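Structure record follows, encoded as C-alpha cells.
Just so you know, all these numbers are worked out from the coordinates, no wet-lab data involved. Note that the structure is a prediction, hence the values are computed from the model and not measured. Positions of Cβ are generated from backbone atoms using ideal geometry, with glycine treated the same way; all protein chains shown enter the neighbour counts.
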Amino acid sequence: MKNTDWRDRCRDKIKTADEALRVLQPGDRLFIGSACGTPQKLVQALADCPIEDVEITHLLTLGVAPYAQEKLASRYRVNALFIMPNVRPAVWEGRADYTPVFLSEIPELFRTGRLPLDVALIHVTPPDEHGFCSFGVSVDITKPAAEAAKYVIAEVNPQMPRTLGDAFIHVNEIDAVVENDAPIYEFVTPGESEVARRIAKNVADLVEDGSTIQVGYGGIPNALLSYLKDKKDLGVHTEVFSDSTIDLIDAGVINCRKKTLHPGKVVASFAMGSQRLFDYIDNNPMFEFRSVDYTNDPFVISQNDKMVSINSALEVDLTGQVCADSIGYRFFSGIGGQVDFVRGAARSRDGKAIIVLRSTRDDDRFSRIVPTLTEGAGVVTSRGDVHYIVTEWGVAYLHGKTIRDRAMALISVAHPKFRSELFKLAKDKHYIYADQPELPLVEARYPEEFEAQGALKDGTPVFMRPIRPTDEPAMRDLFYSFSKDTVFYRFFSYLKAMPHDKLSKFVNVDYESEMALVASLKSGGEERIVGSARYYVDKATGLAEYAIEVQDEFQNRGLGGVLFNHLTKIAKIKGIKGFVGYVLDSNTRAYRLMTRTGLPIETKWEDGVYTLTMRFQDGK
C-alpha cells in the first residue's frame, strides 16, 4: 500500500464526521483520544450529533469539549480519568464524573471489560505502505482503548507526526475514517516564574550525571532546563514530555547512553508541546512511544538505574501525606502517573522520587504545607511512599524518617509566613519536641549565601553549610561516631551521651550571635555530616569563641582547616574582631591549626589548657 493510494483502499471507510458518529447508540460508552492528540474535528461534531445518554470517558483532553457544556448535559455525561480545565467546571457542578485510578492500570480496565468501550475516537497519521497508522503524539491509553473498543473511528491527519515504537494501529482495525488536514493542537507551556526557577534549582541539585528522569510539562520542567545544562548523560523514561526535553537533547545533556533499560531511547507515552516539538519527534528513532501500561509500570520503571521521578502536588501535610488531585472537596486534576513513578523510582538502584510544590497558593494566602490535609482532600502518595518534598525554600527528605523529623523538615521548607503557625500546631499535636526552640526554625533566616564547596587534601569534595535545626539526628550520629579522645579534646571531658536537651543547643542557632557550620559528603542527594565548626560571639569584646569537631576517619585530611577557614571568612563578614580558642596542650592538631593562619596569636597557658586569641586584621 502506498501513501498516495490509501484512500482507494479505504474508500468504503471514509466518511464525514457526522456520518461516522451515527454509529453511536443511547447507552454507549465513547472514548476520546488524549492531550494534543484529541481528535478535534470529531469532538466538535459531537455538539451536533442527535444522540442521548452517551457516556464519554477520556484521560486529559485539550481544546474544545462541547460535550461538557451544560446545554448538552442530557446527551452526554463525562467520566474523566484525569481532569483538565475544559471539563473541570462540569465535574465541580456535578454534571461530570471523575474516576481516581493509577494511570498504569487504565488499559487493563478496557481490556477486561470492567470499563467496556463501545466506540473510540482516535487521531492518527495516514496509513503507511504497509497499512499502519501511527498514533502520533498520544499513544498513552489511546492505543489500548482502540484495541478494546467495538468500533473505532479515526481522524486521519497528514499533519500528525509519525512516532515510532509500539505506536501503531493497522487500518484494517479501523472501522471509519474521517479526514482532517489541520495543525495538531499545540499546548502552550506556562511561563517560568521565579518560584518555579527556585524549585527547579533545588530539584537539579538532586539529579546526578547518568540519571534517567521522568519529565513533565509546565513551568517547573521548563525552568529545570537551565539548571540541568551542566549535567551529563541523562536519559528519559516518562509518560509525557514537552519542548524542554528537546532543548536538553540539542544541548547534549540528554543522550540516553547510560540508560540501563532501552539505552539510546527516550521512552514516553505522549507529548504535549509546540509544532517545533511535533516536527522534532516525527519519524525520529530516538523516541520510542508506548502505552502507559508499559511506561508507567513500576516494575519497568525500576529497571532504569538512577531513576529520578518528578511529580507535583497540591498539598502536603506534616506527616508526609501528599494530595495531588483535589483542593479540599474540589477535584482538580487526577492521580495520573504520580504513584506509578514514585514507586518505580523508589525501587530503582540509586533512584529518587521527588514531589514538587509551590509553598503557597492563592497569592500567598494559604500554605500548601499544612498540619492536616484540607477536609475532603485525598491521599495520592502515602506517608510510606513519600521520599523528597521540594519547594522554593528547600528540600525535605522524609523516607524512613520519624513524624518528628518529617514535621521539622517540612516546616523548614514551608513559606516563612506560615512556619510559626505550623510550628505551634506541630507542638500541639506532639509531633515535635515540647522544648523545641521556635526562633531558629521559624524566624531566623537560613543564610544560604554561606553554603560553599571545599576539598580535602586528597581532593575529596566536601559541602559546607550553616547548621539547621533539622540536623539533630545527623549530629547525634556524628557525636556517637567519635572516639573517646575526640570527645575529650572537644568537650574537655569524657562525655558518654548527647541526649536531646544537650544536642538541641548545638543545632538551634540564630546565625547572628552564634554561627555553626557542618561539613558533609553528598552522594545521590544524601548528606553525611563528618565535621562541624561554630563560634559564639562575646558582645563585650567583639571576639568569638570557636570550636571544631571532625569525625575520626577524616582527621589529618585537611577537613579541620577547610572548616576553620570558611568559619573565619563568615566571622569577618559578620564584623567579628577575632577568635578565641581553648585547646588542651596535648591536642597538637588543634594548636597547629590556629598557629598556621599567619596571623598574630596571643597565647596563654594555664592548667594544661592553651587560650589562643587571634585578632583579625583589617581586610585580612
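Add +1 for every Lys or Arg and -1 for every Asp or Glu among the other residues with Cβ under 15 Å from the Cβ of LEU224, and state the total. In short, -1. Among the listed pairs LYS13/LYS265; LYS401/LYS496; LYS502/LYS577, those with a Cα-Cα distance over 32 Å are LYS13/LYS265.
What is the sum of charges, Lys and Arg at +1 and Asp and Glu at -1, for the other residues whose Cβ falls under 10 Å from the Cβ of PRO161? Neighbourhood net charge equals -1. Arranged from fewest to most other beta-carbon atoms within 10 Å of their beta carbon, MET614, MET515, MET307 become MET614, MET515, MET307. Cross-link check: pairs LYS229/LYS569; LYS201/LYS505; LYS201/LYS429; LYS484/LYS604; LYS15/LYS41 evaluated at a Cα-Cα cut-off of 24 Å; pairs beyond the cut-off: LYS229/LYS569; LYS201/LYS505; LYS201/LYS429; LYS484/LYS604. Applying both filters, DSSP loop and at most 10 other Cβ atoms within 10 Å, to the trypsin sites (Lys or Arg not before Pro) of region 83-152 gives ARG114.
In the chain, the DSSP beta bridges split such that about 50 percent are antiparallel, to the nearest 5.
Mean residue ellipticity at 222 nm, helices only, the chain: -7000 deg cm²/dmol; runs of at least 4 DSSP H residues each add -39,500 (n - 2.57), and the sum is divided by the number of residues.
Given [x] 69, 64, 59; [y] 80, 73, 44; [z] 105, 49, 40, which label gives Cα extents along the principal axes in Å as computed from the coordinates? Answer by label: [z]. Contact order for region 334-396, expressed relative to its length and based on alpha carbon pairs under 8 Å spaced 6+ residues apart, stands at 38 percent.
Relative to one another, the C-alpha centroids of region 503-536 and region 40-116 are positioned 53 Å apart. Within region 297-432, the proportion of Cα pairs with more than 25 Å between them is 22 percent. Summing charges over all other residues whose Cβ lies under 14 Å from the Cβ of TYR329, with Lys and Arg as +1 and Asp and Glu as -1, gives -2.
Measuring nothing but how far apart in sequence close Cα pairs (under 8 Å, 6+ apart) lie, relative to its length, the chain scores a relative contact order of 8 percent. Evaluating 6.51 cos²θ - 1.76 cosθ + 1.60 at θ = phi - 60° for every residue in region 15-21, the Karplus couplings come out as 9, 7, 4, 4, 5, 5, 6 Hz, glycine and proline recorded as x.
Put simply, when 117-127, 414-424, 450-460, 183-193 are sorted by average Cβ atoms within 10 angstrom per residue, most first, you get 117-127, 414-424, 183-193, 450-460. Going from the residue with the fewest nearby Cβ atoms within 10 Å to the one with the most, MET286, MET408 rank MET286, MET408. Counting only the Cα atoms, region 448-615 fills a convex hull of 123 Å³ per residue.
As a proxy for reagent exposure, ranking THR245, THR603, THR319 by other Cβ atoms within 10 Å from fewest up yields THR603, THR319, THR245. Restricting the calculation to Cα atoms, every distinct pair contributes to the Kirkwood radius of region 1-113, found to be 15.3 Å.
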